[in-house]
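Q: This is the structure, below, for whatever I ask next.
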Amino acid sequence: MSTTSTKCSLVQGSPDWVDWFGRPVATIFFFLSVEGFVHTHNQKRYLSRLLIGFWIMQIGNAVLQRSFSLGSFGLINNIFGDLFVGVLTMYGIQTLSQGRQSHQASKIWGGLFIIVLPLIFAAITMGILAAWHTNPILTGLASMLPSPLIAENGILLYLGPLMYLLRKNRNWQMLAIIAVAILSTGFNVSAMFTTNFQWLMFLAVIPIYFYNGQLGRSMKGFFYAFYPLHIWLLYILAWLMGVRY
């Protein structure tokens, strides 16, 4: 679910085609996370920023929904969680690769553990929700564990690590995006322009094709602040407008 999708959900009566423009957004974020991971001077600091961003937005989303309820509408937008799991998986792949090259079993097993860790978090979250779903403290703690289970884009977040594996060939990266877009249709043509617009993610290949690989102006501070703030402002605006579900 992209930011544009949230805007459509919060503004009742907006036409479906408005949602189309948001489909490539997450894919572009995933591509940029690969570039960020490869070129950052401190990968662990990069991961920590994403994790802190995820936690802050999870708390903010919970506070907003409790203070300004829109009925049954759930505010699940938190791209930081998707990016964290994706980048953590890249870090695990890198560690595993280094272990294989240096023949260090500890690095190999460490890399595998890092890759599997988000899935372990998903299993823990499922267990808590199944056994203690009425306990707000435990369910709140479970929501702080980044995993594909609670990620905004679900299993699609692994497109990021896939593009990381293909990072030395831009054409293969774009083909991977197109392949995932085709699979996301579920081969249900009738739903492609009515209920399932995810396949429009393939449009992300356009800006990716023209990306020159050069470092542009650093706006990471703006992104970390703007993304959650504009989601929250839209949510509050919808509440003020009387939008309810």
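Q: Run the simple label-point estimate for LEU138 and ARG66 please: 7 Å along Cα→C-beta, distance reported in nm.
A: So the two model labels end up 1.8 nm from each other.
Q: Using the 2.2 N^0.38 Å rule of thumb for compact globular proteins, work out how region 87-129 stacks up: its C-alpha Rg over that value, please.
A: Dividing the Cα radius of gyration by 2.2 N^0.38 Å gives 1.33.
Q: Counting other beta carbons within 10 Å of each residue's own, what order do TYR164, TYR91 fall into, fewest first?
A: Neighbour counts put them in this order, fewest first: TYR91, TYR164.
Q: Using the Karplus equation 6.51 cos²θ - 1.76 cosθ + 1.60 (θ = phi - 60°), what ³J(HN,Hα) coupling, rounded to whole Hz, does each residue of region 98-109 give in order, writing x for Gly and Pro?
A: With coefficients 6.51, -1.76 and 1.60, one gets 5, x, 5, 5, 9, 6, 9, 4, 4, 6, 4, 5 Hz.
Q: Shifting gears a bit: Along the positive direction of the dipole of the chain (beta-carbon charges: Lys, Arg +1; Asp, Glu -1; about the Cα centre), which of SER102, PHE187, VAL25 reaches farthest?
A: Farthest towards the positive end: SER102.
Q: Next question, about the same structure. So for PHE197, PHE222, fewest C-beta neighbours within 10 Å to most, what's the order?
A: PHE222, PHE197
Q: Let me ask something else about it. Evaluate Rg over Rh across region 99-163, taking Cα atoms for both radii and Kirkwood's formula for Rh.
A: Expressed as Rg/Rh, it is 1.12.
Q: In debye, nearest 20, what is the charge dipole magnitude of the chain about its Cα centre with +1 on Lys and Arg Cβ and -1 on Asp and Glu Cβ, if you could check?
A: Computed about the Cα centre, the dipole is about 620 debye.
Q: Just to confirm my numbers, what's the Cα centroid distance between region 104-120 and region 49-103 in Å?
A: Result: 18 Å between the Cα centres.
Q: Could I ask something else about it? Under a 10 Å cutoff between Cα atoms, tell me which one of VAL189, VAL87, VAL205 has the largest fluctuation in the Gaussian network model of the chain.
A: So, out of VAL189, VAL87, VAL205, the one fluctuating most is VAL189.
Q: List GLU152, GLU35 from most exposed to least, where exposure is judged by having the fewest other Cβ atoms within 10 Å.
A: Arranged by neighbour count, lowest to highest, GLU152, GLU35 become GLU35, GLU152.
Q: Tell me the mean residue ellipticity at 222 nm calculated for the chain from its helices only (DSSP H runs of n ≥ 4, each -39500 (n - 2.57), averaged over every residue, nearest 500).
A: -21500 deg cm²/dmol
Q: Return the sequence-ordered ³J(HN,Hα) values of region 37-43 in whole Hz as given by the Karplus equation 6.51 cos²θ - 1.76 cosθ + 1.60 applied to θ = phi - 60°, using x for Gly and Pro.
A: Coupling constants for region 37-43: 5, 5, 9, 5, 7, 9, 5 Hz.
Q: Using all alpha carbons of region 20-95, what is the percent of pairwise distances in each 10 Å bin, ordered from the shortest bin to the longest?
A: Over region 20-95, the share of Cα pairs per 10 Å bin runs 18, 41, 29, 11, 2 percent.
Q: Something else now. Normalise the Cα radius of gyration of region 74-227 by 2.2 N^0.38 Å (N = residues in it) and let me know the number.
A: Scaled against compact globular proteins, the figure is 1.22.
Each value in this text was obtained by applying a stated rule to the coordinates, not by laboratory testing. Remember, it's a predicted structure, so these values are computed and weren't measured experimentally. A quick note on method: Cβ atoms are made from the backbone with ideal geometry, for glycine too, and the neighbour counts reach across all protein chains shown.
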